[in-house]
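Visitor: Okay, here's the structure, questions in a sec.
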Amino acid sequence: MAAFRAEGPGSASSPMGNQEQTTANCGAVDSWGRPLTQLYGKGVTDNLEKLLRPEVRAGVSKEKKKKKTLKEVSRRRQKTCSKEQAWLEAAQAFIEETLCPPGKEPDVQLTQLVIDCVKTIWLSQGRNQGLTLPLSYSFVSVKDLRTHQRLPCCSHLSWSSTAYQAWAKEAGPHGVPLPRERLLLLGTLTDLSGDLEQECRNGSLYIRDNTGTLGCELIDLDLSWLGHLFLFPSWSYLPPAMKSSGEGHLELWGAPVPVFPLTISPGPLTPIPVLYPEMASRLLRHRSKHRNVQPNLAGELVRLSALVKSRKKAYFILSLGGSSPDGSHVSVIVQVPAQLVWHRALWPHKAYVLTELRASKLPGHRYRIWMTSPSSQLLPLKPECVRELELELEGAPLETNPQPLPILSNPQDKKGPGPDGLVRDSRLLSYTGTVTGTLNRAAGLYELDGQLGLCLAYQQFHGLRRVVRPGVRLELQDVHLLQSVGGGMRRPMLAPCLRGAVLLQGFSRLAPETQPSRRAPGASLYEQLVWEHQLGLPLYLWATKALEELACKLCPHVLRHHQFLQHSSPGNPSLGLQILAPTLEVLVPPGCPGRDPRSEILEEPHHCPLQKYARLQTPCSFPTLAALKEEGKCRAWASFDPKTLLPLPEASHLPSCQLNQRLAWSWLCLLPSAFHPAPVLLGVLVPSSRKGCLRLQDQSGSLPCLLLAKPSQPLTDPGLIGCLVRAERFQLVVERNVRSSFPSWKELSMTGFMQKKQARVYVQIFLADALILSVPRPVLHSATSSRPPQTEPSLPEGPHIGQSRLFLLSHKEALMKRNFCVPPGASSEVPKPTLSFLVLGSWLGGTQRKEGTGWGPPEPREGEDSDQKVLLIFLRSSVRWFEFLHPGQLYRLVVPGPPTPMLFKEGGSSCVSQRPPELAGCASCLTVQDEWTLELASSQDIPEVLAISRALPESSLADLLSVSQIPWCLSQLRFCHISG
C-alpha cells in the first residue's frame, strides 16, 4: 500500500518543484508524487486529507494521551488504595497491641477514633498531595523508641517539609537542628511511672502505653489531661547517653490531641465561698471558732518555690496575693504526692482557687501555715464562680505577726569581707531569656543571652538538667543577681535558690552535643559542694573551674572521668574532692549549719547561701606540668643576666676562658609565692626506666622530681609509685647551661656572644609537704598501657599468686651503662652498653608463697650457705627501682605468677641471666626481671630474728646483719674489676 504524506505547495519533495499547481485536488500525493484522486477517487481523498491535517492529528494524539493518563491515574489509585489498606491494617494491629486493654476484644471504636485524629491533623497542613492518610508516617510505641531510637529526633505531623526546613533554619548557624523522623506517637499522659503506687508520685510526667512508660516534659499542662489517651502531633525524643543506665525523654512541643473527647466539667451550681489572702493570713493567727474550718483560698500567684525533694517527702510552697495596697500574701505548702504535678500547671500572675485547705504548724517553725489536704483541688479563679466568705474573728490573736528568725550566716561570711573589702547583697529579680551556651552541664552552669551566667546548682534540678541546652527559653522567678563574683567568672551571674522557680517557656530546636540524662557524670560531686560543704557561689565557681583543670590534667589516661568525679562517701572518698580539700578547709570553716529548705523559702527577711557574697580572689591554680615547666624556663631566661652572675670587680680580672666557664652553668629556684595565683603541684609519681629517676606525670607530659622523705633523707617506699602527689610547698629548680664566647667583661651585655642555651627543669618536694593519694590500681594499670612509649608504666596491683623473698640491702652501686655478657644462643652482634646498677645484700629467710592477702611461712633453706649473700643486677626496666633502694633497708622481692622451684637459689633460671663480664664467675648473682616488683618490708616480717628485733632498734639490726657481708661484697667486686 502506498505511503501517505501531506505536502504543501512548493514543497521540495514534490515532483512538481516550485511550479504553480492549478488543480485543486493535487494536494495529496503518494510517495511517487501521483495525485491520490487518480488512485482512490475524490471521496476517499477528501477523508484522508482531513485526517492528515495538523489540527486533526493533534486531536488524535491528545485522545491517546488522555486514555494513557486515565490508565495511569487508575493504576496509581489502585496502588494508593493498596497502600492505604496496608497502612490501615498496620494501624489496627498497632492499636490493638499497644493501646487496647490486654486480654480484651479489639476495640473497633478506638481504632476508628485514632485514625480520625490522625486524619484531622494530617489534613490540617493543606499540602497533603491529595492523600487522606499520612502513608509516609508509621506508628511507634514507647518500647520501640527506647529500644531502637539511638539518635535525637523530632516529629511534626502537621508540618510540611517546607515548614520543617524553615523551623530548622531558625535554629541558628551554630548548632545542628533535630533531624526529622516521620513517626506517630500515642499514649496516656500520666504522673505515675509504671505501676507505682500513689505515694510514689514525685511531680514528673510520663507517657504510657502497653509496652512501657517514658518521661516527658510539657510546657503548659492542663490538669484535666492527666489519665487520658492522646495523639501527640509534635514532639522530640532525646535518647540517653550511650552505655548509660538512664532513660531518654520526650519533649512535647504542642498541645496533645485527645482521642476521646474530654468532658468539660460544668461550673459549680452555687458560687464557691473563698477567703482572700489578707483574711486567710489573719485567720491563721487568731483563736476563734473557725480555727478548724477548711477554707477555700483564692488569689493571684505571686511566688512559686522550687520543687524540693528530700528523702522523706517532696513538696513545694506557693504564695497567693490579693489586691490590697499593703501587698499581703499567704503561703500554702503542697506535699500530697498526687498534687506535686500542680507545680507544672502553675504560672505566676495568674489567679487560682485552692480548695479545702487546713492549717498546720511545721516542725521547727514558730507559726502555722496553710497546707493542702488530699481532697484539695486547684481551680482557675473565675470571679463569677466565687464569693468572699465573711468571718468574724473574735478573741486575741493566737500569734502575732511572725518575727524573723535569727539569720544564719553564710559560711563564707565568717571569713569577713573579701580582698576588696566589700561584702555585697545580691538582688532578687525575675528574668526571661534563652540559653545560648553550656559552661559546665554537670555543675549546672549555663550562658544566658550571650552575656549572663546561670547557675542552677542551688536548686534540685535533676529533671530540668536533661532539658536545658542551647536554644531553651527559661523564665526565672525570684532569681539572685550577683555581679563581679570573681573565682574565674567575669560575667554577672543569675542563680535561683529554693525560693525561686525555673519555668520552661520553650524547648530547643538543636540536637544536644552530648546525649542528655538526669545524672550527668560528676553531678553528685558538685551537689556535695553546695549541699554538704555549703560553698557560696564565688567559691563554687572556682571549685568547678579547678575540677575542670584537674580533669584535663588526669583524664582519661590516669583516671576515667566518672571515677575522678564520683560521689564522695566515708568509705569511698572522691579523688577530685580530696585534691580540693586542703584549699576548701582554709576557705570554709568546719561545722557550718546546713540549709533548711522551708526556712529558705518562708522566712523574712530572706536568707540563703546566695544572699550575701564577696568577690573571691583566686586562691590557687592547678597548671599542667608542661605549662609549669615552660613558665619556669621563661622566668629563668628572663632573669638571666651575666653581669649579675659575675660581679664587676671580680669579672674585670677574669680572662675570657674563665669568664665563659663561670657563665656555663647557673640555676634559679622558684617558689609558689613567685606566681599568681599560687600553683599547686599535682602529678602521678612514676619511675623512669631510661634514666632511673622519678618523674611527676599528667596528660601534658612529665617533670623530673626529687622527692625526699626529710632533708638529706632519701625515699625508700616503692609503694608510692603510681600515687598522686599534691604539693603546695615545693621548689621549681631551673638549671641553665650556656655556651658563650665573651671576649671580656665589657661585652657581657651583648647577647650575640651566646651561641647555645639549654635549661633543665625539675621539682624538689619533701614528703611532709605533700599529700599522697592512692589511685585505683586496675584503672591506672589499664590506662597506662595506652600511653605514649616515652611514659613509664606504674606499679601494678599486687599479685594474687606469686612468691617472694626478703633481703637486707648493704651496698648500692652507681647507676651507669655497663657491658653485659651475651647469653648462650643469643645474637652474635656486639651488645651495646646497658643502663644498670648493682645491689649487694643478704637473704633473710627462705622463699615465701602468696596466701590470700599475705605471705606464707618461709620455706626451709636446704643446700644454701648460712651467710645467704646475694648480688642483685638491675637493668632495662628494672632500673626504675634505683631511687628507692638504699643501704640499711629491708625489702621484699616479689615475683608474680605460679611458683618456680629454685628461683632465688644458686643455679636457678634467674642466676644464669645476663651479667657484667667482671661478674661472669660469680655464682650468687641474680638478675631482677622487668615484671618483678619491690616492697618495703620491716623487721616484723622476719620470723627468725623477731626476738632480736624486739631487743634492738631497727638500725642496730641492720648493722648486725650487714657487718659480715659487706667486706665479702667489696672484695668480690674489687677482684672482678681487677680481673676485667
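The values are calculated or read from the model by the stated rules, or taken from the named source; none is laboratory data. Remember, predicted model here, so these are calculated numbers, not experimental data. Because the Cβ atoms are built from the backbone with ideal geometry, glycine has one as well, and the counts that use them run over all protein chains shown. Heads up: the accessible areas ignore ligands, DNA and RNA and are worked out on the full protein's heavy atoms, side chains in. Shrake-Rupley method; radii C 1.70, N 1.55, O 1.52, S 1.80 Å.
Visitor: Please verify whether the stretch 128-143 includes one or more residues that are within 39 Å of the chain's Cα centre (by Cα) and free of Cβ contacts under 8 Å to residues at least 24 places away in the same chain.
Guide: no
Visitor: If you don't mind, another one. Can you find a residue in the stretch 498-505 that is in a loop (DSSP other than H, G, I, E, B) and surrounded by fewer than 21 Cβ atoms within 10 Å (Cβ to Cβ)?
Guide: No.
Visitor: Are any of the residues in the stretch 648-665 in a strand (DSSP E or B) and not hydrophobic (A, V, I, L, M, F, W, C)?
Guide: no
Visitor: For GLU549, all conditions in the list (1) more than 24 Å from GLN699 (Cα to Cα); (2) in contact (Cβ under 8 Å) with a residue 12 or more places away in the chain hold save one; what is the number of the exception?
Guide: Checking GLU549 against (1) more than 24 Å from GLN699 (Cα to Cα); (2) in contact (Cβ under 8 Å) with a residue 12 or more places away in the chain, the one that fails is (1).
Visitor: Further question on the same structure: Condition check: crowded, with 18+ Cβ neighbours inside 10 Å, not charged (D, E, K, R) and not in a strand (DSSP E or B). Does GLY203 satisfy that? Steps first, please.
Guide: Values: crowded, with 18+ Cβ neighbours inside 10 Å: yes; not charged (D, E, K, R): yes; not in a strand (DSSP E or B): yes.
Considered against the rule, which asks whether it is crowded, with 18+ Cβ neighbours inside 10 Å, not charged (D, E, K, R) and not in a strand (DSSP E or B), GLY203 comes out as yes.
Visitor: State yes or no: is GLU447 among the charged types (D, E, K, R), part of a strand (DSSP E or B) and under 20 Å from LEU547 (Cα atoms)?
Guide: Yes, satisfied.
Visitor: Residue check: is HIS533 touching a residue at least 24 places away in the same chain (Cβ under 8 Å), open to solvent by 10 Å² or more (accessible area, probe 1.4 Å) and closer than 24 Å to VAL586 by Cα? Before you say what the answer is, go through the steps one by one.
Guide: Working: touching a residue at least 24 places away in the same chain (Cβ under 8 Å): yes; open to solvent by 10 Å² or more (accessible area, probe 1.4 Å): yes; closer than 24 Å to VAL586 by Cα: yes.
Yes: the conditions hold for HIS533.
Visitor: Just give me the residues in the stretch 435-449 being surrounded by 19 or more Cβ atoms within 10 Å (Cβ to Cβ) and of a type outside the set (A, V, I, L, M), in sequence order.
Guide: The answer is ARG441, GLY444, TYR446.
Visitor: When the residues of the stretch 878-898 are narrowed to those that are touching a Ser or Thr at 6+ places or on another chain (Cβ under 8 Å) and open to solvent by 50 Å² or more (accessible area, probe 1.4 Å), which ends up nearest to GLN940 (Cα to Cα)?
Guide: GLN889
Visitor: Would you please name the residue that is modelled with the lowest pLDDT, looking only at residues in the stretch 88-136 that are part of a loop (DSSP other than H, G, I, E, B) and within 13 Å of LEU186 (Cβ to Cβ)?
Guide: CYS100
Visitor: State yes or no: is PRO273 of a type outside the set (Asp, Glu) and either crowded, with 16+ Cβ neighbours inside 10 Å or assigned to a strand (DSSP E or B) (or both)?
Guide: For PRO273, the condition - of a type outside the set (Asp, Glu) and either crowded, with 16+ Cβ neighbours inside 10 Å or assigned to a strand (DSSP E or B) (or both) - is met.
Visitor: Being farther than 16 Å from ARG201 by Cβ and either in contact with a Pro (Cβ under 9 Å, 6 or more places away or on another chain) or in contact (Cβ under 8 Å) with a residue 60 or more places away in the chain (or both) is the filter here; which residues of the stretch 334-353 pass it?
Guide: Matches in the stretch 334-353: TRP347, PRO348, LYS350, ALA351, TYR352, VAL353.
Visitor: Looking only at the stretch 674-705, how many residues end up being farther than 24 Å from HIS557 by Cβ and open to solvent by 30 Å² or more (accessible area, probe 1.4 Å)?
Guide: Count: 4.
Visitor: Counting only residues that are surrounded by 13 or more Cβ atoms within 10 Å (Cβ to Cβ) and not basic (Lys, Arg), which one in the stretch 752-764 is farthest from ALA678 (Cα to Cα)?
Guide: Only one residue fits best here, namely PHE753.
Visitor: Here's another thing I want to ask about it. For the list (1) under 26 Å from GLU170 (Cβ atoms); (2) open to solvent by 20 Å² or more (accessible area, probe 1.4 Å), I need the number of the one condition that GLY488 fails.
Guide: Only one criterion in (1) under 26 Å from GLU170 (Cβ atoms); (2) open to solvent by 20 Å² or more (accessible area, probe 1.4 Å) is unmet by GLY488, namely (1).
Visitor: Going by what's in this entry, would SER712 be described as in contact (Cβ under 8 Å) with a residue 24 or more places away in the chain and either under 30 Å from ALA651 (Cα atoms) or among the hydroxyl-bearing types (Ser, Thr, Tyr) (or both)?
Guide: No.
Visitor: Could you grab me the full set of residues in the stretch 718-751 that are within 52 Å of the chain's Cα centre (by Cα) and open to solvent by 70 Å² or more (accessible area, probe 1.4 Å)? Give the derivation first.
Guide: Step one: of the stretch 718-751, the residues within 52 Å of the chain's Cα centre (by Cα) are 718-739, 751.
Listed by number, the residues that qualify are GLU728, ARG729, ARG739, THR751.
Visitor: Any residue that is surrounded by 18 or more Cβ atoms within 10 Å (Cβ to Cβ), part of a loop (DSSP other than H, G, I, E, B) and either polar (S, T, N, Q) or modelled with pLDDT of 95 or more (or both) - is there at least one of those in the stretch 416-434?
Guide: Yes, the stretch 416-434 contains at least one residue that is surrounded by 18 or more Cβ atoms within 10 Å (Cβ to Cβ), part of a loop (DSSP other than H, G, I, E, B) and either polar (S, T, N, Q) or modelled with pLDDT of 95 or more (or both).
Visitor: Between residues in the stretch 689-703 that are among the basic types (Lys, Arg) and residues that are at pLDDT below 90, which pairs lie under 7 Å by C-beta distance while being six or more apart or on different chains?
Guide: Close Cβ pairs (under 7 Å, with a partner that is at pLDDT below 90) amount to ARG695/SER688.
Each row is one residue, and each column tells you yes or no for (1) within 26 Å of GLN505 (Cα to Cα); (2) assigned to a loop (DSSP other than H, G, I, E, B); (3) open to solvent by less than 10 Å² (accessible area, probe 1.4 Å).
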{"position": "VAL302", "(1), (2), (3)": "yes, no, no"}
{"position": "LYS312", "(1), (2), (3)": "no, yes, no"}
{"position": "SER323", "(1), (2), (3)": "no, yes, no"}
{"position": "VAL341", "(1), (2), (3)": "yes, no, yes"}
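Visitor: Looking at THR213, THR162, THR132, THR147, can you tell me which residue is hydroxyl-bearing (Ser, Thr, Tyr), out of contact with any Lys or Arg (no Cβ under 9 Å at 6 or more places or on another chain) and open to solvent by 50 Å² or more (accessible area, probe 1.4 Å)?
Guide: Residue meeting the stated conditions: THR147.
Visitor: Going through GLU527, GLU513 one at a time, which residue ends up being open to solvent by less than 60 Å² (accessible area, probe 1.4 Å), out of contact with any helix residue (DSSP H, G or I) (no Cβ under 7 Å at 6 or more places or on another chain) and of a type in the set (Asp, Glu)?
Guide: None of the other options fit; the residue is GLU527.
Visitor: Which of the helices (runs of 4 or more DSSP H) contained wholly in the stretch 536-632 include at least 3 residues that are open to solvent by less than 40 Å² (accessible area, probe 1.4 Å) and under 24 Å from LEU456 (Cα atoms)?
Guide: The qualifying helices (runs of 4 or more DSSP H) are 537-554, 575-587, 597-602.
Visitor: Which of the numbered conditions does ALA93 fail, given that it passes all the others? Conditions: (1) touching a Gly at 6+ places or on another chain (Cβ under 9 Å); (2) farther than 15 Å from LEU231 by Cα.
Guide: (1)
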